[in-house]
Amino acid sequence: MDHPTAEPIEDLLRELAPRVLGALVRRYGHFDTAEDAVQEALLAAAKQWPQEGQPDNPRAWLITVAARRLTDLLRAEQARQRREQLWTPVPQEPVTDSDDTLILLFLCCHPSLSPSSQIALTLRAVGGLTTTEIARAFLTTEATMTRRITRAKQTVKASGARFSLPPDHADRLNAVLKVVYLVFTEGYASTTGPQLHRVELTAEAIRLARMLHGLLPDDPEVIGLLALMLLTDARRPARTGPSGELIPMDEQDRSLWIRPAIDEGIALITAALPRGPLGPYQLQAAIAAVHDEAPTAAETDWPQIAALYGVLLQLTDNPMTALNHVVAVAMAQSPAAGLDLLATIDTDPRLTSDHRLYAVRGHLLEMSGNPTDARAAYQRAAELATSLPQQRYLNKKLAGL
């Protein structure tokens, strides 16, 4: 047995968590109870391995411990069904070395679950995060997150979902990608709280995307999602100042951008685009690549970005895409052109309560030389913003006018 440090053990357990749960559910069923059993096995490993050493076959060890715990839980819950006769402990070596992570992801993103439940269940069952870690990341209490995860598992159980790739798995993959991207966006631009970033969420989303890429290496949208997150996260070191204040992209010190992430992202999207069919994550990654390749803000190829957003709008009815298209048109043509385009979407009910609509309007009005109306727009944006760094940035813009 080896005696690894705490950090490699934690990384290994996170990596093995979905594979152990997949093996358990495939063999025994009972996804909800099996997930609890795996969590207890992971906790046992985290306590024992640093002192006693890592077993020669960590996955088999975890499956053995989790299966024994699952047996105990099922006996306690369903003694009247004589589980003692139906269930036996798993042998020391796993029956199969198959990786059921992809099936597990589909299960956690079951259409009967709300997006928030899909995210929580994915982070716990596939990401291997504890309920405490998930609650902390989403700024809620552990009790609230426990209830959310428990309800999600009960919903999946009640749906009668089988532990196999769903017949419509090609369509359901979009739900999985959306959940992973939602985790990333909440980490990259936190909607609430004092911090602009929650690095633990962006890192976990990128890890999940890498996992998906390993399972589906030829899927162009999986590649596009991973590329998009790498190219976006590469700017993170330059997005905030010394006091945590928001720094917009055109004012960022580009020497702080993470070059290896940019290079990897560009290589991924360059390889993905010719494969087809073209999808929204590939297009967003291509847009991010154009931004990241510009040596300075002034050298950004805005006409190309505006054209890419135009194509993206044909694929998706997303109000944020429409808003970003407005900005790109304003930068490529003129603020007036941007304001004209903004007038065609500013009554969309999905945008009217979002601070970003008013921030864009304020920015374009400011560029147009209309500080009075710009101030009113920035004021409304600051009132609607829920993130403290965003509020401070918008109030700073107000003060500047």
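The values are calculated or read from the model by the stated rules, or taken from the named source; none is laboratory data. Small disclaimer: the values here were computed from a predicted structure and weren't measured. Using ideal geometry, Cβ is built from the backbone for each residue, glycine included, and neighbour counts are taken over all protein chains shown. The area values use the complete protein model at the heavy-atom level, side chains included, leaving out ligands, DNA and RNA. Shrake-Rupley method; radii C 1.70, N 1.55, O 1.52, S 1.80 Å.
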TODO: Find the residue count for segment 208-222, including only residues that are part of a helix (DSSP H, G or I) and open to solvent by 10 Å² or more (accessible area, probe 1.4 Å).
DONE: 7
Task: Test: residue 278 is crowded, with 16+ Cβ neighbours inside 10 Å and over 27 Å from residue 103 (Cβ atoms) - done: yes
TODO: Among the residues of segment 295-323, count how many are assigned to a helix (DSSP H, G or I), more than 15 Å from residue 344 (Cα to Cα) and of a type outside the set (Val, Ile, Thr).
DONE: 13
TODO: Please determine, by comparing only the residues of segment 179-207 that are open to solvent by less than 50 Å² (accessible area, probe 1.4 Å) and in a loop (DSSP other than H, G, I, E, B), which one is farthest from residue 107 (Cα to Cα).
DONE: 196
- [ ] Please specify each residue of segment 133-178 satisfying the condition of being at positive phi and either touching a residue at least 12 places away in the same chain (Cβ under 8 Å) or within 16 Å of the chain's Cα centre (by Cα) (or both).
- [x] 139
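Answer with yes or no whether residue 64 is surrounded by 19 or more Cβ atoms within 10 Å (Cβ to Cβ), free of Cβ contacts under 8 Å to residues at least 24 places away in the same chain and in a helix (DSSP H, G or I). Break it down into steps so the answer makes sense when it comes.
Values: surrounded by 19 or more Cβ atoms within 10 Å (Cβ to Cβ): yes; free of Cβ contacts under 8 Å to residues at least 24 places away in the same chain: no; in a helix (DSSP H, G or I): yes.
The answer is no for residue 64.
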Open item on the list: For segment 225-282, give me each residue that is among the charged types (D, E, K, R) and within 22 Å of the chain's Cα centre (by Cα).
Closed with: 233, 235, 236, 239, 259, 263, 264
Task: Conditions (1) of a type outside the set (Asp, Glu); (2) within 26 Å of residue 15 (Cβ to Cβ); (3) without any contact (Cβ under 8 Å) to a residue 60 or more places away in the chain: number failed by residue 256 - done: (2)
- [ ] Take the residues in segment 14-73 that are over 24 Å from residue 123 (Cβ atoms) and among the β-branched types (Val, Ile, Thr), then tell me which one is farthest from the chain's Cα centre (by Cα).
- [x] 71
TODO: Would you be able to say whether some residue in segment 161-178 is modelled with pLDDT of 85 or more, open to solvent by less than 10 Å² (accessible area, probe 1.4 Å) and not in a loop (DSSP other than H, G, I, E, B)?
DONE: yes
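Condition check ((1) open to solvent by less than 60 Å² (accessible area, probe 1.4 Å); (2) over 28 Å from residue 280 (Cα atoms); (3) over 30 Å from the mean Cα position of the chain (by Cα); (4) at pLDDT below 95) across all residues:
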site	(1), (2), (3), (4)
301	no, no, no, no
310	yes, no, no, no
332	yes, no, yes, no
343	no, no, yes, no
353	no, no, no, yes
357	yes, no, no, no
360	yes, no, no, no
392	no, yes, no, yes
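Can you name the residue in segment 138-159 that is of a type in the set (S, T, N, Q) and closer than 26 Å to residue 197 by Cα and is also surrounded by the most Cβ atoms within 10 Å (Cβ to Cβ) among such residues?
Among them, the one singled out is 146.
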Task: Tally, over segment 273-294, of residues that are at pLDDT 95 or above, farther than 23 Å from residue 319 by Cα and either acidic (Asp, Glu) or in contact with a helix residue (DSSP H, G or I) (Cβ under 6 Å, 6 or more places away or on another chain) (or both) - done: 2
Open item on the list: Take the conditions surrounded by fewer than 21 Cβ atoms within 10 Å (Cβ to Cβ) and not assigned by the TED database to the domain that holds residue 13 and apply them to residue 250. Does it pass?
Closed with: yes
- [ ] Kindly establish whether residue 225 is touching a strand residue (DSSP E or B) at 6+ places or on another chain (Cβ under 6 Å), crowded, with 20+ Cβ neighbours inside 10 Å and in contact (Cβ under 8 Å) with a residue 12 or more places away in the chain.
- [x] no
